[in-house]
């Protein structure tokens, strides 16, 4: 093209030289994991027309598994046949080969591989020193690795500079562009328990096109919390994952992980302090795909809006899960002053249709300074069977003449301890 | 840098981008070819980075509503824990004016992209499917830019000079905001787009490396035109790599499967008109002559008996085949062997028809044609030798002349000839020959849907033909020809239907292997579920027959006394058939990537094939390595500790190393296998592959190359050749010559069924 001539004439050496054949050739290949060759068994029986021909053909085929030719998954490794996809958190590996195509010795070869992302430029070459000479038909090889940390367009920029026998300095570059895609979709949800516990539900979806083995999905809690993973069922001796023995995720499959977070005692004491937005921790995800190709991602810090408790928080420290019908049982309430002022509290207990409180209602609890809390044991009984809601506690701050109502604090299961003679 | 010339392109690119934007807004992007190519040309940096966070969240809102009743919070994922924050690297000395131009085009480009991201991303994946990167050469980019200038410059009213400083400026102002966003990628809040992509079957597949260079563009266009049928990749396993939702296993010989071209409508131009349409043989009776098929010469040598009855032509044809038993003679000896092998349980409807034929309530003539299998060839000539074609193209006619392979003409026109073609791997010629033999039988081209009689031999011919089509990866063709056979349960596919020809003989004419083949076929055409359905049907029949045998009945459940030897032999046969079906199921499940069921099924085969225990367990281990399931009991490493031949153990250890990215130790292991078994092709090939990953291309290449030359019988295999040609491509720009040398090597050894794709010459 003529235009090309014009442009290069206007330019410096490099473009000028680009017109002529370079003595060196640069080749780049992405090294994904090799794959296992699969063959296609077509068999027949001895009495069929081909006799043992098909069997013999399969036995002679070097890619079949000897002794079990019908097994399609062979042992022969094949090199990657296309660029494939690359996902955030995976390692990008590439073979860079500079070959002397000419018949003369080339000197002072410098190969440089840079990766340009949308935000930065990284040097990936193993060494930055020049190779003093390269004979004809010889190669300079380099295998580069880079853990991909950004999505979007990446450009591998390979630059080669060298000196010919005549002392001419030459230089050329090549660009290789690829897109880094997102491998996983993560959604989270928090549940606040009656106690200080927080449950985190994390849905992780594989949005790649190949199955993923989830090697590790763990929650790294922030300073304030301890975490328990609730993703395995422990039987007598060993614990088994809730996802089964082979924990891999098919494309577009979603899996739900559950974690329980408990504030550490020192933070729990100051329960009033856990207010507003708090940092819970982050998810750490490690997966593997074809032949152990590994990827790792972390979420950003997960944040949760702590439930608002108003001025006075009433939580339960102790409550039985199952009680007997019409038999008194004990609960322990913890009352925390979450406000900025001192309170003088009076506790009233109102019976509901099913719940009957024992003891004196309207008793003085005394003064409660900000962030202080006190525990009160209470006794009550239920007159109705089934799952009953505990309601009817009233706290009145005599300073402000303000009443706080606490209904549906918790549930207990009420059962009849006697078996009726009829049944 | 020439000051008068160099600044010029920059402002112009800016102007073009502006123009591009307005253009894009009104006109669909594809309409303007120059614009299109221009966009491909430019290096655009991260389109997504420019998508504003609000956009994302609103995307997500709507998605949330759709997907979840309970609202889930979207989460930001920061990159891997060991990421370091780095400052934006300054555009270093390497990035000179060219790159600045690219950066500029980028800006315009991304803006366009925001408007139609979906089209852009949908279009991209069509390209670049090769492992080797295609490069974007700078020279061509310059050409592009200059082209642009010439085209658009007149429309550009902006003064050029004042703008010369802008590129640098813009890059500076552009970077900082992006910089802040670096360490944490906000990738998880834009759910909609990526998901949509994932749902498009090949949305992800080829992706990534754009190849803008026009030279390469040419070769790529055909792929774009027929993406479904033609897949350029060779026949290598993809089951564990990026799943190609499009015909993964299809078309290793895609150049031949571009279906219509090989389904020749009529036979006139067929390769050997003389042989295919001979003058009618005078020896054949009026009955055969009535059939419109040009009845063949193949039968003349044997068809010497005078014709007797109307039923005869068929039986007469049968006598032609060397293995064909004389129907009248064999009628008296219903051998146990036949009974054992032919046993099958027809469906209830078919059974009723067969009973009424046997009891002479109706004659076969009265049976509704709908219920009968009336096959015929759907295409009749797929002669062709891809190796020879390639030789003609690359090495010239002279060299191509040297290529000698057997064709359908050069062998005996009977089963012996057929076997010769098969064993010399001339499967295309063999398919042709089956076509001729079937034509002679009255089931030739266009005969589908016409009443016909089946014989043991005609069905064997069909089986061989269809099996070879599958072996040649001509799946569509096989499916087409299988179609008239339905479920292989038509009454006329049973011996009972022909009481005069096969008196006393019972059971299925369809060989068991043909049923398996019939079941396996759909999985290669993206219908694995159909394959599983069919396999389960076969499996249940096998189990029923086995239980009949165990209960002291005959295979078909009738009260017949079998001798003990007979019974044991029959049980053994049906157990092996059952295990064959299970193998097919496991293989199909593996292709579907349902690893749990696949592993279970492979495990259950051990019970039937105890002598294959080691191979099966190793295979299961390899499946586990694919998915990396480290649970105690059945891991890859666990399998390797089983007592077994040291060779297998070492090679299994090597695979475990491989999965740990430890190519050095994997190489050592494969090499140690070679000490025990120096000729082991798998270990040799695998050791060479490991060397490549260790950055030792020349050694790896040398090893493979010497093997191929020393022992072509073992190493002229498509997987090895594929590896070798890939390395040639990586090694030097002169790979074509070396590939041609391989072509010559294969030409003198391989038959016409050789998969030339692995040579990557085209």
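Figures for the structure shown
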{"quantity": "Separation of alpha-carbon centers, region A:296-325 and region A:360-423, rounded to whole Å", "calculated": "18"}
{"quantity": "Sequence ranges A:321-330, B:696-705, B:516-525, A:249-258, ranked by mean other-Cβ count within 10 angstrom, highest first", "calculated": "B:516-525, B:696-705, A:249-258, A:321-330"}
{"quantity": "Within chain A, helix-based [θ] at 222 nm, where runs of 4 or more DSSP H residues each add -39,500 (n - 2.57), nearest 500", "calculated": "-1500 deg cm²/dmol"}
{"quantity": "10 Å Cβ neighbours from other chains, averaged over peptide A:209-222", "calculated": "3"}
{"quantity": "Alpha carbon centroid spacing (whole Å) that separates region B:646-698 from region B:369-447", "calculated": "40"}
{"quantity": "Shielding of A:23-29 by partner chains, average beta-carbon count, 10 Å", "calculated": "5"}
{"quantity": "Principal axis dimensions, chain A - Cα atoms, whole angstrom, descending", "calculated": "106, 76, 38"}
{"quantity": "Region A:35-78 - Kirkwood radius from inverse mean 1/r over Cα pairs (Å)", "calculated": "10.8"}
{"quantity": "Overall form of region A:150-199 per C-alpha gyration tensor (a/c, 1.5; a/b vs b/c)", "calculated": "prolate"}
{"quantity": "Cα gyration tensor category, rounded, prolate or oblate, for region B:513-632 with a/c compared to 1.5", "calculated": "oblate"}
{"quantity": "Cα-Cα P(r), region A:312-415, percent of pairs per 5 Å interval", "calculated": "3, 13, 24, 25, 16, 10, 6, 3, 0"}
{"quantity": "Ordering of B:612-620, B:745-753, B:717-725 by burial proxy (mean other Cβ atoms within 10 Å per residue, highest first)", "calculated": "B:717-725, B:612-620, B:745-753"}
{"quantity": "GNM flexibility winner over chain A from A:219, A:387, A:395 (Cα, springs under 10 Å)", "calculated": "A:387"}
{"quantity": "Cα extents of region B:355-414 along the three principal axes, largest first (Å)", "calculated": "67, 24, 14"}
{"quantity": "Highest-first arrangement of B:559-571, A:175-187, where packing means the average Cβ count within 10 Å", "calculated": "A:175-187, B:559-571"}
{"quantity": "Peptide B:464-470, shielding by other chains (average Cβ, 10 Å cutoff)", "calculated": "3"}
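No value in this document is a laboratory result; all are computed from the given coordinates. For clarity, every value in this text was computed on a predicted model and none was experimentally measured. Cβ coordinates were reconstructed from backbone atoms using ideal geometry, including for glycine residues, and neighbour counts include every protein chain displayed.
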